[in-house]
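Here's the structure, in structure tokens; my notes come after.
The values are calculated or read from the model by the stated rules, or taken from the named source; none is laboratory data. Since the model is a prediction, treat every value here as computed from it, not as a measurement. Cβ atoms come from the backbone with ideal geometry, glycine included; neighbour counts cover every protein chain shown.
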Amino acid sequence: MSTYINPLVKSKIESMDIDETKMKILEELVEIEASYGTDSKVKEIKVKNCREAIIKRMPR
Amino acid sequence: MKIFEVEIMNYRQYKGKNLIKLSTDKQKNITILQGNNGEGKSNFMNAVTWCLYGDELFKSKMNIGRQTINEQAAFELKNDESTCVSVAVTIGDESPEYWFERKIVYKLDGKKPYGAPESFVGKQITKDKGWDKLSSPEWVIDRKFIPRDLRGFFFFDGEKMDDYFEDTSKIKANVEKIAQIDVLNGVVSTLTSLKNKLGTEMNKYSKDTKDAQPDVEEQQIELYNANKEKEQIEIKIQEKESAIQKIDKYLANNSSEIVKSLTETRTSFESQRSSLIRNINEAKESQKNIIAEAIPTVFSFYALNYSKQQIEEGTNKGVLPPNIKDVFVRELLEKGVCICGRNLDDDPQCRKNIELLLSSIVPNEVASDSITGKYVINKLLDKVNFTEAFRDVRQKIKDFEDELKKVNEDLQSVSDQLSAFDEFEIKEKESERSQLRKDINQLNVRKGVVGNKAMTAQNILNNYDEVTNNIKSSNQKFESLEKLRNYVMSLITAMLEIKDSIVDDVREQLEEKTRSYFFKMIWKRQSFSNVFIIDEGYRYRISVKSEYNQECLGDMSAGERQILALSFTAALYSVSGYSVPVFIDTPLGRISEKPRENVADFLPDYLSQTQLIMLPTDTEYTPVVRNKLKRSVGAEYKIKHDDINKVSGVSNYE
């Protein structure tokens, strides 16, 4: 079940002058952030998921 | 996301079931629920927020402590009868996707309605299965519909809209939430935490590398110097030993019988001394071995003892049975013949007994481990009894040391006697010999120090390959972490740029649209010259300039302020990109007749992307206003109130 992401955020990420990999990573990070919310208890999980998402996509 | 249906049952004024289908048509995005004051307009909004969030946003102070159920429905109940108050809301994008219901079952207890605990359920509507129950309906509402803390921004009391401008720091915070700028801030914060974490990990590898890096050249020089010094010391010792031998020869050949005898005695003592020193060293080595062997057992004594007890207890209780291999028992069952030859198919009880035996068998490896463990633990615990052997060897060392002390004293006595001999040359030779012995002792001490240095340097050089490999691996880890951190930093920069850019865009578009809508809807256009939304960091300041370019927000009438609030709201939904319904109670309440028609002309266009639920009174929803809104209205209802029974119901407008 995907979380609602404001189209404004999506279109802004897509309009930035950055490579496609970075764009996809940023979209995924926004998705992670929006789905977990701001509760400090999930901070560690967010950092872990964020790290995995970056490692999975970043150029070798 | 839109609301497709709201089903209200016995909620406050609403008696019985009221099904309200809201317009989900994109072209006709407005739903009208017209009702007079006190007939249930605000409670319609309350019903929706109660269902979705469990609270009523527009609860009148008069209703505090009052039951949610329609009182007539509750008091009509007879003994043992029950009824309920419930509100169900169906939401979705193109078609109904989720259904939520909040409900309380009531009974009449004496003369008072008594409510059971509130229930809240959510279902996902699926094409194939009909529906699936949601494990966390609150999560779906929060993430896919209107987040709980933003709900106040989508349910308005039109008459209080101008309160909007009293605390504009809240507006900015909410605008940022709606535009999900807070999510972007969250991403930056998470990325910053990740960057710091990577930095800490890098420090670890960087430190390891620095500490582990051996200086090969330095160690080689150290080894060379130590070995060279050792060689020189050995030569010196040899020279001094030769000199001593010469003196001993001289003394042994002396004409005096006493000197001869003393020299022979000394040779014998020195031989004894060498033998004692050897014995002491051997005994000390054996003492070291005893300790080294016992230490692990001493440290793990309690753990070993505990394990031993557990195994013993397990064996006594039958938990750790004899090591029957389950594979054998399985084989018996498969073959259908017991070890005694009985056919298991003919004897179900026997089969049952074997099956029970199989279920009671502790997994094979545990059983065998417990047997091995018992033997090994006992062997290990025996090592704790090392004190006797230790005491023996200590006594031996003491005895040898006492003997050595005596021999040293005897040697000193020989030397003293020779030094005191009444002949100058003898005295001088003995004194020279004493000095030579002292020098040799000192040289031996130095030889030990230098030998240690050489050994340390040699060990470092021997381990060089292993250390170098460790460093190489550390360096690789360091480099990969550094690469990841640099990438994270570039993501932070990109995200901050995106965030700043959205913040600017939102403010600029908000300002432009508010200005444009305001000037179209306001009736005294010539009295105003401009509208600004100024970002003051923590808040937005709304500024309206008069025809003379003077600040005039404070001097505007309630109706003018409501137009400004409607313009701002319409601009906000247009800019934010947030597509969820907006409810406005008495949207035109403070606006007089003529300007109201003007608003009705333009507002539908400004809120065309939003599902809009307007709850006007009959004085607001005049035939002219209705006619102007008609092109955008997809559903139109009237809230009808029965003054005698004091209940309301929703029916089609005409």
Filter result for the condition that a residue is basic (Lys, Arg), in contact (Cβ under 8 Å) with a residue 40 or more places away in the chain and either part of a helix (DSSP H, G or I) or surrounded by 15 or more Cβ atoms within 10 Å (Cβ to Cβ) (or both), over B:Lys246, B:Lys260, B:Lys240, B:Lys228: B:Lys240
Qualifying residue in segment B:172-179 (condition: away from chain A (no Cβ under 14 Å), touching a Lys or Arg at 6+ places or on another chain (Cβ under 6 Å) and under 26 Å from A:Glu27 (Cβ atoms)): yes
Segment B:62-105, residues that are within 20 Å of B:Lys127 (Cβ to Cβ), at pLDDT below 95 and of a type in the set (S, T, N, Q): B:Ser95
Breaking point among (1) assigned to a loop (DSSP other than H, G, I, E, B); (2) within 16 Å of B:Ile181 (Cα to Cα); (3) more than 8 Å from chain B (Cβ to nearest Cβ), for A:Thr38: (3)
Qualifying helices (runs of 4 or more DSSP H) (wholly inside segment B:547-654; at least 2 residues being without any contact (Cβ under 8 Å) to a residue 40 or more places away in the chain and of a type in the set (Asp, Glu)): B:593-606
Enumeration of residues in segment B:264-319 that are closer than 30 Å to B:Lys246 by Cβ, surrounded by fewer than 16 Cβ atoms within 10 Å (Cβ to Cβ) and among the β-branched types (Val, Ile, Thr): B:Thr265, B:Thr267, B:Ile277
Residue identified as out of contact with any Lys or Arg (no Cβ under 7 Å at 6 or more places or on another chain) and not acidic (Asp, Glu) among B:Asn254, B:Asn227: B:Asn227
A:Lys10 vs. criteria of a type in the set (Lys, Arg) and either more than 9 Å from chain B (Cβ to nearest Cβ) or closer than 13 Å to B:Gly186 by Cβ (or both): no
Subset of segment A:13-30 that is facing another protein chain (nearest Cβ under 7 Å) and of a type outside the set (Val, Ile, Thr) - its residue that is farthest from B:Trp139 (Cα to Cα): A:Met16
Among residues of segment B:464-495, those that are within 12 Å of chain A (Cβ to nearest Cβ) and charged (D, E, K, R), counted: 2
Cross-chain or 6+ apart pairs with Cβ under 7 Å, segment B:515-543 first and within 18 Å of B:Glu166 (Cβ to Cβ), then surrounded by 15 or more Cβ atoms within 10 Å (Cβ to Cβ) and polar (S, T, N, Q): B:Val531/B:Thr514; B:Ile533/B:Thr514; B:Arg539/B:Thr168; B:Tyr540/B:Thr168; B:Arg541/B:Thr168; B:Ile542/B:Thr168
Unique residue being in a loop (DSSP other than H, G, I, E, B) and of a type in the set (Val, Ile, Thr) when the list is B:Val450, B:Val384: B:Val384
Hey, B:Leu443 in contact with a helix residue (DSSP H, G or I) (Cβ under 8 Å, 6 or more places away or on another chain), at pLDDT 90 or above and in a helix (DSSP H, G or I) or not: yes
Residues of segment B:186-207 classified as out of contact with any helix residue (DSSP H, G or I) (no Cβ under 7 Å at 6 or more places or on another chain) and under 14 Å from B:Met495 (Cα atoms), total: 1
Filtered residue count, segment B:554-580, keeping only those that are closer than 18 Å to B:Gly158 by Cα and of a type in the set (Asp, Glu): 1
When residues of segment B:144-158 are limited to those that are assigned to a helix (DSSP H, G or I) and surrounded by 17 or more Cβ atoms within 10 Å (Cβ to Cβ), the one nearest to the other protein chains (Cβ to nearest Cβ): B:Lys144
Members of segment B:219-248 found to be under 60 Å from the mean Cα position of the chain (by Cα) and hydroxyl-bearing (Ser, Thr, Tyr), listed by number: B:Tyr224
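Listed here are the residues, each with its yes/no results for (1) in contact (Cβ under 8 Å) with a residue 40 or more places away in the chain; (2) part of a loop (DSSP other than H, G, I, E, B); (3) within 25 Å of B:Asp642 (Cβ to Cβ).
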position: B:Phe4; (1), (2), (3): yes, no, no
position: B:Asn10; (1), (2), (3): yes, no, yes
position: B:Lys28; (1), (2), (3): yes, yes, no
position: B:Asn37; (1), (2), (3): yes, yes, yes
position: B:Ser42; (1), (2), (3): yes, no, yes
position: B:Leu77; (1), (2), (3): no, yes, yes
